[in-house]
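Novice: This is the structure I have questions about; it appears just below.
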Amino acid sequence: QTLLKHFRKVLAPWYHLYKAKHHNRKFRYPAKKLMHIGVTGTDGKSTTTFFIFSLLKNLEHKTGLLSGVFLSDGENIFLNETHLTTLP
């Protein structure tokens, strides 16, 4: 059990960083081809992000959504039951 806790705290972040960098190179840095739009503030973030998502979708852009209320892969819209905007 102690070894497992040590792995999770110390080694797992390095392992995930290695995998992320490896796959980034393997797939030729796909995030460089994406436009990211962030919305900050106290109130109205989910409404604003859903509005931007709907607008871009109606203009026939490939679009995804991550808000405290909704998640979308561009095809389907799901309720964000966790209300997290930083996924685990």
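Novice: Loop-only check: which chymotrypsin sites (Phe, Trp or Tyr not before Pro) in the chain are DSSP coil with at most 11 other Cβ within 10 angstrom?
Specialist: Hits after loop and neighbour filter: PHE27.
Novice: Give me the percent of the accessible area of the chain that comes from carbon and sulfur atoms, probe 1.4 Å, all protein chains in place.
Specialist: The computed percentage sits at 61.
Novice: Towards the positive end of the charge dipole of the chain, with charges on Cβ (+1 Lys, Arg; -1 Asp, Glu), say which of THR2, PHE51, TYR29 has the farthest Cα.
Specialist: THR2
Novice: So what's the chain giving for Cα Rg divided by 2.2 N^0.38 Å, two decimals?
Specialist: Dividing the Cα radius of gyration by 2.2 N^0.38 Å gives 1.42.
Novice: Would you work out the charge dipole size for the chain about its Cα centre, treating the Cβ of every Lys and Arg as +1 and the Cβ of every Asp and Glu as -1, and quote it to the nearest 20 debye?
Specialist: Charge dipole of the chain: 780 debye, to the nearest 20.
Novice: FRET efficiency for ASP73 and LEU3, Cβ-Cβ distance as r, R0 = 41 Å, nearest 0.05?
Specialist: 0.65
Novice: Have a look at HIS36, HIS22, HIS61 and tell me which one the Gaussian network model of the chain (Cα, springs below 10 Å) gives the largest fluctuation.
Specialist: HIS22
Novice: Something else about it: If each residue of separation counts as 0.36 nm, what is the full-extension length gain between LEU66 and VAL39 once their alpha-carbon separation is subtracted?
Specialist: The LEU66-VAL39 span can extend by a further 8.7 nm.
Novice: Which loop-located trypsin sites (Lys or Arg not before Pro) does the chain contain, where loop means any DSSP state but H, G, I, E or B and the Cβ has at most 13 other Cβ atoms within 10 Å?
Specialist: Within the chain, the qualifying trypsin sites (Lys or Arg not before Pro) (loop, at most 13 other Cβ atoms within 10 Å) are ARG28, LYS62.
Novice: I would also like to ask the following. Just to check I understand the Karplus step: with θ = phi - 60° and J = 6.51 cos²θ - 1.76 cosθ + 1.60, what whole-Hz values come out for region 44-60, glycine and proline as x?
Specialist: With coefficients 6.51, -1.76 and 1.60, one gets x, 5, 5, 5, 5, 5, 5, 4, 4, 4, 5, 4, 5, 5, 5, 8, 6 Hz.
The values are calculated or read from the model by the stated rules, or taken from the named source; none is laboratory data. Just so it is clear, the structure is predicted and the values come from calculations on it, not from any experiment. Cβ atoms come from the backbone with ideal geometry, glycine included; neighbour counts cover every protein chain shown. Just the protein is used for accessible areas: all its heavy atoms, side chains included, with ligands, DNA and RNA removed. Shrake-Rupley method; radii C 1.70, N 1.55, O 1.52, S 1.80 Å.
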